[in-house]
Structures are given as C-alpha cells and as structure tokens.
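Following: one structure in structure tokens, then a few remarks.
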Amino acid sequence: MISRQTGLTLVASSTSIVVGAGMGFIPIALNALTDPDGPDKLSEDDSSWFASLEYISVLIGTLMCGPLLDAIGRRKTLITVNIPPVIGWLILCLSPKPIPITMLFVGKVITGLASGISSVPPAIYIAEISTNDKRGMLLTLSIICMTIAVPLVGLLAWLLDGNWRLIAGIIIAPPVIVFILAFIFIKESPKWLLSKGRKEEADVSFRWLRKINKGEQMPPELRQEFEGMICNSKNLPNNNYNSTIFKATNSGDSDIEVGTCGKGSSNVERFKKLVTSLRSADVWKPLAIMISNFFFIHFSGLYVMPVYAITIAEESGIKINAYLVNAFFGCLQLTAAIIISISFSRYGRRPFYLISTIGTTISMIGLGTYEFVGLIGSDLWWIPLLFLIMNFIFAGGAIYTMLIMMGEVYPTRIAGLTGGITLACSNLFAFLIVKLYPTIDAAINSPGGVFLLFGAVSVMGGAFAFFFLPETHRKSREQIAAEFIKK
C-alpha cells in the first residue's frame, strides 16, 4: 500500500501532464500548419511565432503562479491550474478551417499560460510534504508525468494522421480528471500553513501526512521534523520565530505553540520583507545559479530539438515517419526521466547534471560535424539519428535535474516567488532561442554551424555547473540554506 505522501505526490504530479501535452503538441501542429497541401498553411514568420508563443506565455504563467501559490495556498492552486488548459484546448479543437491566425495564437497563448501556472506548484508542494529521504524520488514523478505526455501525443498524431484539432480535443480530458482528483484528495502543505501563522491547521495536516492520530504523542524524529518546519517558517505574523514551545501533557497529547503572534503585517511591510528576503544569501545565490544553468541549457538547443524535431530529422536525411520520430524522441525523454527517478536517490544531483552536459555537448558537436562534412543524403542517415537519440536523453537529463532541484534549493518562505522567477527566466530563454533559431541558422549559413554553436554553449554550461552547482542529495531545505549562507 502506498504512503500518503506518495499518493498526494501522484495526484499533484498529474498536473504536469498539461505541460508535457503542450510540449508534444507544438511539433505536430507545426508540421501540419506548414504543410503546403494542408488547409492551414502558415508563413515562415507566423510558424516561428506559433512555435515560440508557447514559451513567452508560459513565462507569464510562471510569474502568475508564484503569487498564487503564496496567496491561496498549495492545495487551491493545484486545483485551480486545471481550469485554463480546458479553455485553451477547446478553442484549438473547435477552430474552423482554415484557422484564423488570431484564433490560433489566442488558443496557443492560453494553453501556454496553463502550462506556466501548472509547472511550479507540483515541485513546490511535493518538496514541502515529503521527507528528506524520499524527496528526490518523489520529485521525479512530476517529471515522469510531464514527459510521458510527449510520446503519447506523438503516438496520437501517428494514429490520427496529424489531425491536430482532434488531438487538442483529446488533451482536454487530463486536466478535467486531475481537477476532480485534486479537489478530493489534495491536503494543504503544513509548511505553507505555518508560513501564514496557522499552526493548529498545520499540526492537523502534518499529523495526517505522517499518520499520527489526534492526541497521540509524536515520535521523536517526527517531532524534530515539525519543529524544524516551525523554526524555518519566516512569514509568521510579526516575524516572531524565537519562541517555539513544545508541550507534552500527561495524557500524551502533543501541542505545538509558536511564539506570540500579533496582527498581520501591512502590504508595505510585507513588500519590504520580500525585498530583504531576495537580498539574503540563501535566496539570491540559488536564484542566480538556477537561472544561469537554465540559460546554458536552453542556448544549448534544448527546446530547439523537440520543437523542430520533425524538420531537423527530415533535413538530416533520417528515413522514418515524421510523427513516429516525434513519438520516439518523446520516449527517449521519458527514458531519461525514469533513469533519473531510479538513480537520483542513490547518486545525487551534480553527477547527473554534469554527465548530461557532456552528453549534450558530444551529440551537438557530432550532429554539426556530420552536416559540416557533407554527409547529408548518404546511406549513413543512422549517424545523425544516433546523435539525436543521444541529445534527447542527455539534454532531457539536464533539464529534469534542474526542475527537481528547483523544488529543493529555495527556502519555504519565498519558494513560490523564486520558483516562478526561475521558470519565467527559463521560458524567456526558450522563447528567444526557439523564435530566433531559423534566423541564427540562416545567419551562420554553414551546414551544421548552428549545432556546433550549441555544442560550444554546452561546454560553457558544464564548466559553470562544475564550479557553482551545489549538491542537494539527502539534505533538508534548512541544511541547503545554511550552506548558501555560510559559503
């Protein structure tokens, strides 16, 4: 029988299916929308906007979800984020032929916003309800749910011969189902409740999570865990953190009292505390490291490859059905996520990330060299296929490692905001490189030149991570924060 934290993780992680569906839908719809014989022929400029709009709207969505997480809580956010995707996919599903460009972009912007606001909450929630020994493994479930949607959408495209409107209609089902499951099963995070000074509700939530009956004395290790949550809740009214009192009555009841709390702070005071928090070493250091790593990942061609996968495969002379190529590459990303989920709890985060950057570098340089020496069109089409396989596995490993670490490195008091900022920057980088890829490729005007450039950026990213990326394996958020402050 699965534990409660595992069950809640599965429900929360299912929200990430929306993100994966959006990622898998882009290359399929792009291939159909640029088909000269299709009903919805787009210009080259319009098609590049369609491919990149996902990421600029995801950027806005990630900025929205931070305040939402901190204002209404983790539970209500995980329920609410399942509403926008239904609207967006419904617009695309019911669109006429040929689709008006405005309608196409509006539908894509809404689904992008939905992906953005759905991307942060699962990682934040899972990191807050899980124990240190299981946190890494549970965080990977969110990544698996996201990646499993990509090959499934690709498989649908193959079965339905690229009918992107019907695929959009089918994608409506997951958020509807997850909305119902989240409403029924998700419990509020005790860490968030403590950050709002709601200590009694936090006690009830924590006891439910760890299967401790009301009135039953907490075991020493669980009492220590809850005490750590209380001591590190920085948003309690009046910031009174110093008077943490544990009482155990003769009857065995365990009551937790947290300081003497006054009235809540004004908006101005809260804003000042927010600015002060951003200047704290345990906030700005991980924020700078995570944003930098996302920059190197994206400008190494991370999202260029899946978005333009069908085009790149055809231009490289790979002789496989275009939609099956997309589904196959999605399976590779899923493979990377499963490998990480199995091994993360044993080997840590840094080794996986560094190995991923090495693999990404080799795949990009290999693909660029293949095109540069003029082998396109030869019987050696399986060589670029191998490099593409390698890229999808290793580049996927890099981004998934960062997404998992994002739920670990930020303090609870500001995790929603910093998580939103990080993913906003990530999606800004994704938007820029996906939109500019055709322009960069044309500007370099050399076979394989753009892939060699991606390989060089990957080398720089690996060097940066080697010197600055911390290890978070089997460490609590409090331990990680202490290391940032001390160093």
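Local charge sum around GLY38 (other residues, Cβ-Cβ under 13 Å, Lys/Arg +1, Asp/Glu -1)? Residues close to GLY38 contribute a combined charge of -1. Could you tell me which of rounded, prolate or oblate describes segment 76-163, using a ≥ b ≥ c as the square roots of the eigenvalues of the alpha-carbon gyration tensor, with rounded for a/c under 1.5 and, failing that, prolate when a/b is larger than b/c and oblate otherwise? Verdict is oblate for segment 76-163.
Around the Cα centre of the chain, unit charges on the Cβ atoms of Lys, Arg, Asp and Glu (plus for the first two, minus for the last two) sum to a dipole of about 1780 debye. For the chain, the longest principal axis of the Cα atoms and the long axis of helix 449-468 meet at an angle of about 20 degrees. Among the protein heavy atoms, those of PHE467 account for about 150 Å² of accessible surface (1.4 Å probe, every chain in place). Straight-line cross-link reach from LYS475 at under 15 Å between alpha-carbon atoms covers these aspartates and glutamates, not counting any fewer than eight positions away in the same chain: GLU128, ASP133, GLU225, ASP282, GLU408, GLU483.
How far is helix 101-119 tilted, in degrees, relative to the longest principal axis of the Cα atoms in the chain, given as a value from 0 to 90 rounded to the nearest 10? Its long axis makes an angle of about 40 degrees.
The 1.4 Å probe gives accessible areas that order ARG346, ARG477, ARG75, largest first, as ARG346, ARG75, ARG477. Taking every protein chain into account, the 1.4 Å probe leaves SER343 with about 20 Å² of accessible area, to the nearest ten. Rolling a 1.4 Å probe over the protein heavy atoms gives the chain an accessible area of 41 Å² per residue. The order of LEU30, LEU181 by accessible area, most exposed first and with a 1.4 Å probe, is LEU181, LEU30. What percentage of the solvent-accessible surface of the chain, computed with a 1.4 Å probe over protein heavy atoms, is contributed by carbon and sulfur atoms? Ligands and nucleic acids excluded, carbon and sulfur reach 66 percent. A probe of 1.4 angstrom, applied to the heavy atoms of all protein chains, finds LEU386 with accessible area near 100 square angstrom.
Straight-line cross-link partners of LYS41 among the aspartates and glutamates, defined as a Cα under 18 Å from its Cα and at least 8 positions apart when in the same chain: ASP161.
Legend: translational diffusion of segment 311-377 by Stokes-Einstein, Rh = Kirkwood radius over C-alpha pairs, 4 °C, 1.567 mPa s; D = 92 µm²/s. If you wrap the tightest convex hull around every Cα atom of the chain and split its volume per residue, you get 145 Å³.
The values are calculated or read from the model by the stated rules, or taken from the named source; none is laboratory data. What you see is a predicted model; the values in this text were computed from it and never measured. Note that we place each Cβ from the backbone using ideal geometry, even for glycine, and neighbour counts take in every protein chain shown. The accessibility values were calculated without ligands, DNA or RNA, using every heavy atom of the protein model including side chains. Shrake-Rupley method; radii C 1.70, N 1.55, O 1.52, S 1.80 Å.
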